[in-house]
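Working notes for the structure below.
The values are calculated or read from the model by the stated rules, or taken from the named source; none is laboratory data. What you see is a predicted model; the values in this text were computed from it and never measured. Glycine gets a Cβ as well: all are built from the backbone with ideal geometry, and neighbour counts include every protein chain shown. These area figures cover heavy atoms from the full protein model, side chains too; ligands, DNA and RNA do not enter into them. Shrake-Rupley method; radii C 1.70, N 1.55, O 1.52, S 1.80 Å.
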Amino acid sequence: MKILTKAEEQIMHVIWKLEEAFLREIIDELPNPKPHQNTVSTILKILVEKNFAGVNVIGRNHQYYPLVNKDAYSKGSMKSLVKKYFDGSFSNAVSSMVKENNLS
């Protein structure tokens, strides 16, 4: 599974939350300062190209919906992170998190 950029992931979180959303609804859900409409539109186009989001054309408007389940993406991202930074060892990843948070 492809990994998303921070901006793409932020938009996907909104789409996962709303399940179906038009551009304006997505922008309204984003934190301040709001990105420009063209920026969000470009990111949505990329998400469609990457097959993370689908689009329904309703007149002149585009309604976006998720094609990738949030849980599936989260699991894939976690596996990629563990592989990249912890030599594929989940126990090393958990151990590192425990040490960082001074947990017993």
request  = Tally up the carbon and sulfur contribution to the accessible surface of segment 5-67 as a whole percent, 1.4 Å probe, everything protein left in place.
outcome  = 49 percent
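With n ≥ 4 as the cut-off for DSSP H runs, can you work out [θ] at 222 nm for the chain, using -39500 (n - 2.57) per run divided by the number of residues, rounded to the nearest 500?
Value at 222 nm, helices only: -18000 deg cm²/dmol.
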inquiry  = Among Asn32, Asn69, Asn61, which one shows the highest mean-square fluctuation when the chain is modelled as a Gaussian network with alpha-carbon springs under 10 Å?
reply    = Asn32
inquiry  = Could you give each residue of segment 26-34 its phi-based ³J(HN,Hα) in whole Hz, using Karplus coefficients 6.51, -1.76, 1.60 with θ = phi - 60°, and x for Gly or Pro?
reply    = 5, 4, 4, 7, 6, x, 6, x, 5
query = Only one of the listed values, [x] 1.00; [y] 1.09; [z] 1.07, was derived from the coordinates as Rg/Rh (Cα atoms, Kirkwood Rh); which label is it?
reply = [y]
message = Along the Cα→Cβ direction, 7 angstrom out, place labels at Val55 and Leu30. What is the inter-label distance in nm?
response = 1.5 nm
inquiry  = Are there any chymotrypsin sites (Phe, Trp or Tyr not before Pro) in segment 33-89 that are in a DSSP loop and have at most 16 other Cβ atoms within 10 Å? List them by number.
reply    = Phe86
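Which shape class applies to segment 7-59: rounded if a/c is under 1.5, otherwise prolate when a/b exceeds b/c and oblate if not, where a ≥ b ≥ c are the square roots of the Cα gyration tensor eigenvalues?
Verdict is rounded for segment 7-59.
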query = Which residue, Val48, Val57, Val40, has the most motion in a Gaussian network model of the chain that connects Cα atoms within less than 10 Å?
reply = Val57
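Please identify the longest segment of the chain free of exposed trypsin sites (Lys or Arg not before Pro), where exposed means a DSSP state other than H, G, I, E or B and no more than 11 other Cβ atoms within 10 Å.
3-59
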task = Compute the distance in nm between two label points, each set 7 Å from the Cα along the Cα-to-Cβ direction, one at Asn38 and one at Leu67.
result = 2.6 nm
task = Please give the per residue accessible area of the chain, computed with a probe of 1.4 Å over protein heavy atoms only, in Å².
result = 71 Å²
task = Among DSSP beta bridges whose residues both lie in the chain, state the antiparallel percentage, nearest 5.
result = 100 percent
Fluctuation leader among Ser91, Ser77, Ser41 - the chain, Gaussian network, Cα springs under 10 angstrom = Ser91
